Amino acid sequence: MGDNAKDPEDLSFEERLKRAQAKADDGSSFENAEDKPVSPMGIAFKMGIELVVGSGVGAFIGYWFDKWFGTAPLFLIVLLVLGFASGIRNVVREATRMQEADEAAEKAKKD
């Protein structure tokens, strides 16, 4: 299962560190995230999470501003809307980037 017949748990820390550094220098154990294909489900989850997190952060900050300043739900509503708009902006930006990448791939395939 490893490079040697020795169990990795039996190796000293220095030996395990040397092996890890050698793998890192090879680039064999670490891959570039841009090289990996991304599944459509992963993209959908990412976009959904960006919407929820943007809205959630806006609501959280708005709630605490309202509590701090003693205002009604003014900051909560305003920052919730701004957070949602920020999430929409991120989703549109990602969709545009993906569409441009697909168009470039189709153009390269035709050429």
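The values are calculated or read from the model by the stated rules, or taken from the named source; none is laboratory data. As the structure is a prediction and not an experimental result, all values here were calculated from the model. Quick reminder, even Gly has a Cβ in these numbers, built from the backbone with ideal geometry, and neighbours come from all protein chains shown.
Annotation: Pro40 fulfils all but one of (1) at pLDDT 90 or above; (2) exposed (fewer than 10 other Cβ atoms within 10 Å of the Cβ); the unmet one is (1).
From (1) over 26 Å from Ala105 (Cβ atoms); (2) in a helix (DSSP H, G or I); (3) modelled with pLDDT under 95, pick out the condition that doesn't hold for Met47. Answer for Met47: the failing condition is (1).
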